[in-house]
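Trainee: Got a structure for you, written out below as C-alpha cells; questions coming shortly.
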Amino acid sequence: MAISETEFMAAAERTLGAIESAVEACAADIDVTRAGNVLTLELADGSKLVVNSQAPMRQIWVAGRSGGFHYEWRDGAWRDTRDGSELFAALSRLISAQGGAAVLLRAG
C-alpha cells in the first residue's frame, strides 16, 4: 500500500534530517548544506551528491557522479526502485566510491 502525501512528507523530512546527522557524525570530510528538501553533500575532492525528496512521486532521489537513483518507501525502509538496496547502505557505497575513502552511514 502506498503512503499518503502527508505520511511521505513527514517520513522524507525525518530521513533528510537523519542523513544530515549521519554525515555530520561520520569522520569523513563532507560538507552538508540543506535548502528546503534538498541536501547537498560536498566531498573532500569537491564533487557533490544531491539528495532530495520528490513529493509528487513520493520518492527520495539521489544524484552523484555514478548516476541518479530513486528510492520509495517499501518494507519499512527507503528502497531503490531498481535493485531494492536500502538508502543508507547505498549512500555509504556512493560516497565511498565517489570520494575515494570508505564511509559508513547509519540511520538514527
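Trainee: Mind jotting down a quarter of the surface of the convex hull over the alpha carbons of the stretch 1-52, in square nanometres, one decimal?
Mentor: Details: hull surface 16.4 nm².
Seen from a random direction, the Cα hull of the stretch 1-52 projects 4.1 nm² on average.
Trainee: Moving to a separate point now. For the chain, what is the charge dipole size about the Cα centre, in debye to the nearest 20, if Lys and Arg each add +1 at the Cβ and Asp and Glu each add -1 at the Cβ? All intermediate terms of the calculation are to be shown ahead of the outcome.
Mentor: Details: 10 positive and 14 negative charges, 37 e Å.
Around 180 debye, computed over the chain.
Trainee: To continue, here is another question. Please report how far the C-alpha centroid of the stretch 41-105 lies from that of the stretch 1-29, rounded to the nearest whole angstrom.
Mentor: Spelled out, the Cα-based centre of one part sits 11 Å from the other.
Trainee: Here's a follow-up. Tell me which of Leu16, His70, Leu41 sits at the most positive position along the dipole axis of the chain, charges placed on C-beta atoms (Lys, Arg +1; Asp, Glu -1).
Mentor: His70
Trainee: Dividing the convex hull volume of the Cα atoms of the stretch 1-96 by its residue count, what figure in Å³ per residue is obtained? Don't skip to the end; give the middle numbers.
Mentor: Values: hull volume 9.1 nm³, N = 96.
So the per-residue hull volume is 94 Å³.
Trainee: Additional query: For the Cα atoms of the chain, what angle does the longest principal axis make with the long axis of helix 87-99, in degrees from 0 to 90, nearest 10?
Mentor: With both axes taken from Cα atoms, the answer is about 30 degrees.
Where a number appears in this text, it was derived from the coordinates with a stated rule and is not lab data. Since we're looking at a predicted model, the values are computed, not measured. Cβ atoms come from the backbone with ideal geometry, glycine included; neighbour counts cover every protein chain shown.
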